[in-house]
Amino acid sequence: MFCGDFDRLLAESDSYPLLQSAMWNYCADIFQNHVQQLKSAVASLVDVLESGYDETDRPAESFEAYSKNINELLERLTSGLYGRYISDSVMAGSPAYR
């Protein structure tokens with residue numbers, strides 16, 4: 001899944017805040033303007049996966065854990081956390097911000 005790989009890449013580039021922020025800002029449209037659609041699609045996917053198995057096939061905990069992990073991942077990607085370096089730099093240099 002793109003989001004998982006992208007989140008891992010961003011987390012691993014924490015030592016390079018400008019690079020991390022630039023990568024996130026490149027995809028910011030998805031994570032800022034389409035957050036509700038993204039979260040809705042993931043919720044639907046989890047529902048479909050969950051409905052495809054009965055309790056004897058796969059434990060319910062695995063779906064709960066997956067749902068929790070994917071929601072935490074989406075929260076990180078949509079929070080702006082990874083894009084803050086550029087955002088803070090732009091705002092600090094902006095005359096309107098001073």
Point-charge dipole on Cβ atoms (K/R +1, D/E -1) for segment 1-47, about Cα centre, debye to 20
100
Using label points projected 7 Å from each Cα along Cα→Cβ, tell me how many nm separate Asp14 and Met1, to one decimal.
2.1
Accessible-area ranking of Ser89, Ser13, largest first, probe 1.4 Å:
Ser89, Ser13
Gained length - Ser79 relative to Ala43, 0.36 nm times residue gap less alpha-carbon distance
11.2 nm
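The values are calculated or read from the model by the stated rules, or taken from the named source; none is laboratory data. If you're wondering where the values come from, they're calculated on a predicted model, not measured in any experiment. Cβ: placed from backbone, ideal geometry, glycine included. Neighbour counts: every protein chain shown. For the accessible areas, the whole protein counts, side chains as well, though only heavy atoms, and no ligand, DNA or RNA atoms are used. Shrake-Rupley method; radii C 1.70, N 1.55, O 1.52, S 1.80 Å.
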